[in-house]
Amino acid sequence: MLPSKINLDVVTPERLVLSSDVDELILPGSEGYLGVRPGHTPVLAGLGVGVLSWLRNGREGKMAVALGYAEILPDRVVVLAETAELAEEIDTERARAAQDRAQKRLSSQGDPQVDADRARASLLKAATRLSVAASKR
């Protein structure tokens, strides 16, 4: 018999960010987004930068996550992320400032002091955080 819910735990090195039973979730895998419903085949997936969203009793929740791993089991998903922030926890001014810094670094393309890959990653993280924060308004 298939489980009716999925126990979702999202953990960072600092804290347990979320522990909840959910109906389904979508997480940003390193190779693209991955949908998970109760009874999913066991998978260990790399985590990318993006929005982790879930449905619980018809209501959607979202958080910004970046890098790590997800262990997916038929009745449980454990996300071990470098960073994870619920929408209501995101400081939009700080995220905008990080986005501006990353854009400035990218616009100075011939500067040998600028690591373009790192600047693009920072830009993606900031844009994700702003998108998640905006979804709560």
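The table below gives the values:
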item: Ordering of 86-93, 73-80 by packing [mean C-beta count within 10 Å, highest first]; result: 73-80, 86-93
item: The chain, accessible surface, carbon-and-sulfur percent (1.4 angstrom probe); result: 50 percent
item: Hydrodynamic radius (Kirkwood) for the chain, which is based on Cα pairs only, to one decimal in Å; result: 15.7 Å
item: Set of lysines with alpha-carbon distance to Lys104 below 17 Å, sequence-local pairs under 8 removed; result: Lys125
item: Label-point separation in nm, Asp100 to Arg59, each point 7 Å along Cα→Cβ; result: 3.5 nm
item: Linear extension gain, Asp117 paired with Ser20, 0.36 nm per residue minus alpha-carbon span; result: 31.5 nm
item: Glu71 versus Thr41: modelled label distance in nm, points set 7 Å from Cα along the beta carbon direction; result: 2.0 nm
item: Sites Glu82 and Ser4 - FRET efficiency at Förster radius 25 Å, r taken between beta-carbons, to 0.05; result: 0.20
item: Value of [θ]222 nm, deg cm²/dmol, for the chain, DSSP H segments ≥ 4, -39500 (n - 2.57) each, nearest 500; result: -9000 deg cm²/dmol
item: Mean Cα-pair separation over length for the chain, i.e. relative contact order, pairs under 8 Å, 6 or more apart, %; result: 22 percent
item: Relative contact order, percent, segment 32-83 [alpha-carbon distance under 8 Å, six or more residues apart]; result: 37 percent
item: Prolate/oblate/rounded label for segment 58-137 (Cα gyration tensor, a/c 1.5); result: oblate
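The values are calculated or read from the model by the stated rules, or taken from the named source; none is laboratory data. Note that the coordinates shown come from a computational prediction; the quantities given were computed from them, not determined experimentally. Virtual Cβ from ideal backbone geometry, glycine too; neighbours counted across all protein chains shown. These area figures cover heavy atoms from the full protein model, side chains too; ligands, DNA and RNA do not enter into them. Shrake-Rupley method; radii C 1.70, N 1.55, O 1.52, S 1.80 Å.
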